[in-house]
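Below: the structure, in structure tokens.
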């Protein structure tokens, strides 16, 4: 029962045990890199992303300033978006009455049909989005991401899952993220690094 004594000692003394919960080195640990909470409408840029993690994870609580219908998300890596054709996505979408899928190839950015609430949605409603960017610091492979989106607008709702590819081998050091048009004030976007195994 040595592990119990280590855990008890850590709780009582405040000493962190690398064997149990060392967030700096534990495999799969989420390490916060940056968070942006918008005070006015705008887009989000994460720059100078450290190359010391295995994967990246983005968490969004957001709302778009698009006037009418809900839209999706647009991402670009390393300034490589708009005017190129290096991105592709496959998305499965669902609402209260139907399920559909979309496929986009040779796109100028990563489009994710994430159904972020728009200005016409009920006040105070924000959508959720989580994105896992795999093996982002690798300089040999193309980059793959998984995106999960959901929003319940108190009367309707949508959910989606998207897989996408950036056909470049460069390590990702910059991320540009915006919904349709831009985020509204109060949207919060957080970037985490996921530790690799030792």
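Residues that are buried (at least 19 other Cβ atoms within 10 Å of the Cβ) and under 17 Å from the mean Cα position of the chain (by Cα) within the range 138-158 comprise 143, 145, 147, 149, 151, listed in sequence order.
Taking the options 18, 9, name whichever one is loosely packed, with under 12 Cβ neighbours inside 10 Å and either assigned to a loop (DSSP other than H, G, I, E, B) or at pLDDT below 90 (or both).
Numbers: 9 fails: loosely packed, with under 12 Cβ neighbours inside 10 Å.
None of the others qualify; the one that does is 18.
Taking (1) crowded, with 16+ Cβ neighbours inside 10 Å; (2) modelled with pLDDT under 95; (3) closer than 16 Å to residue 72 by Cα in turn, residue 163 satisfies each apart from (1). For the range 34-53, a residue qualifies if it is farther than 14 Å from residue 174 by Cβ and part of a loop (DSSP other than H, G, I, E, B), and the qualifying residues are 38, 39, 40, 41, 52, 53. Listed by position, the strands (runs of 3 or more DSSP E) enclosed by the range 54-154 that each have at least 3 residues that are over 30 Å from residue 196 (Cα atoms) are 87-95, 99-107.
Residue-by-condition table, conditions (1) in contact with a strand residue (DSSP E or B) (Cβ under 6 Å, 6 or more places away or on another chain); (2) surrounded by 19 or more Cβ atoms within 10 Å (Cβ to Cβ):
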{"position": "34", "(1), (2)": "yes, no"}
{"position": "40", "(1), (2)": "no, no"}
{"position": "52", "(1), (2)": "no, no"}
{"position": "110", "(1), (2)": "yes, yes"}
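For the range 67-88, taking the residues that are closer than 27 Å to residue 120 by Cα and in contact with a strand residue (DSSP E or B) (Cβ under 7 Å, 6 or more places away or on another chain), the one that is surrounded by the fewest Cβ atoms within 10 Å (Cβ to Cβ) is identified as 71.
The values are calculated or read from the model by the stated rules, or taken from the named source; none is laboratory data. Quick caveat, the model's predicted, so the values are computed rather than measured. So basically every Cβ, Gly included, is an ideal-geometry build from the backbone, and we count neighbours across all protein chains shown.
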